[in-house]
Amino acid sequence: MPHTKIRVPVQKRSIEKKHRIVEAARTAFAQSGYFPVTIPQIAKHAGISTGTVYAYFHDKRDILLICMQQFRDERLADFTEKLHQLETTNDLRQTVRDILGILVDAHDQYSRKYHDDLMSLKYSDAEIGAFLDSTIAVLTEAILDKLKAHGYVLRHPREQSMLASMLVDAVQNELSWPQLPEVDYDREIVIEDTADIILSMVKRTDSAE
């Protein structure tokens, strides 16, 4: 739908209207994925006209970027808080398992379809790809900070930091949703194997190379 100018809401009513649009989109994306959802559907869920949506946003992608930013801010805050709540004990393996569990639980608000759509966009939209990569980097840094609180760091930080980010990304992709029923899949085994890899990458901060 053509438009000439995007409205920047100032009045309370306009701000609330834009908020309703974003919340409606977040719910629709989370349930159905990104690609199947249309602007008219978002407008209907928000209780406004399709034209009003275009008064505040250029297109559906414009709305998606705001939804992604809000979700990241909320999830990172929650993830960081739960990491802080983990007790710093001598059982590093259990800590790693707990961290992986928190990471997986952070995805319980949206469907695999939405995740798969975002992964598709990651490789076709440079801005979305950069945003998702930066999110993984922040999550990885938070995890490494928690391990450091236990007295452990990466053995070879420069070489292994990328591997750590890839592990975090893989854990999210493979563990966050139930797999197909016919697939012989055990979440706990995957967590244990991932923990083994992470433990092999770290060393005591007071140890020599």
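The values are calculated or read from the model by the stated rules, or taken from the named source; none is laboratory data. Being a predicted model, the structure only gives us computed values, none of them experimental. Here the Cβ is made from the backbone with ideal geometry for all residues, glycine too, and neighbour counts use every protein chain on show. Surface areas here come from the heavy atoms of the whole protein model, side chains and all, with no ligands, DNA or RNA. Shrake-Rupley method; radii C 1.70, N 1.55, O 1.52, S 1.80 Å.
Values as computed for the structure displayed
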item	result
Failed criterion for GLN179 (all others in (1) touching a Ser or Thr at 6+ places or on another chain (Cβ under 8 Å); (2) modelled with pLDDT under 85; (3) open to solvent by 30 Å² or more (accessible area, probe 1.4 Å) hold)	(1)
Members of the stretch 44-102 found to be more than 19 Å from ILE198 (Cβ to Cβ), aliphatic (A, V, I, L, M) and under 22 Å from the mean Cα position of the chain (by Cα), listed by number	ILE63, LEU64, LEU65, ILE66, MET68, LEU76, ALA77
Search result, residues across the stretch 162-174 that are open to solvent by less than 50 Å² (accessible area, probe 1.4 Å) and either farther than 21 Å from ARG204 by Cα or among the β-branched types (Val, Ile, Thr) (or both)	VAL168, ASP169, ALA170, VAL171, GLN172, ASN173
Near pairs, Cβ below 8 angstrom, 6+ apart or cross-chain, from the stretch 128-143 (closer than 19 Å to ASP116 by Cα and of a type in the set (S, T, N, Q)) to any residue that is in a helix (DSSP H, G or I) and open to solvent by 40 Å² or more (accessible area, probe 1.4 Å)	THR135/ARG72
Looking only at the stretch 139-161, and only at residues there that are open to solvent by 20 Å² or more (accessible area, probe 1.4 Å) and of a type in the set (Ser, Thr, Tyr), the one that is nearest to the chain's Cα centre (by Cα)	SER161
Any hit, the stretch 88-110, residues being assigned to a helix (DSSP H, G or I) and in contact with a Gly (Cβ under 7 Å, 6 or more places away or on another chain)	no
Selection status of LYS18, buried (at least 18 other Cβ atoms within 10 Å of the Cβ) and modelled with pLDDT under 95	yes
Residue list for the stretch 84-115, filter: charged (D, E, K, R), surrounded by 15 or more Cβ atoms within 10 Å (Cβ to Cβ) and in contact (Cβ under 8 Å) with a residue 60 or more places away in the chain	ARG97, LYS113
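For (1) in a helix (DSSP H, G or I); (2) at pLDDT below 95; (3) buried (at least 16 other Cβ atoms within 10 Å of the Cβ); (4) not acidic (Asp, Glu), each residue gets a yes or a no:
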residue: PRO40; (1), (2), (3), (4): yes, no, no, yes
residue: ALA43; (1), (2), (3), (4): yes, no, yes, yes
residue: GLY51; (1), (2), (3), (4): yes, yes, no, yes
residue: PHE79; (1), (2), (3), (4): yes, yes, yes, yes
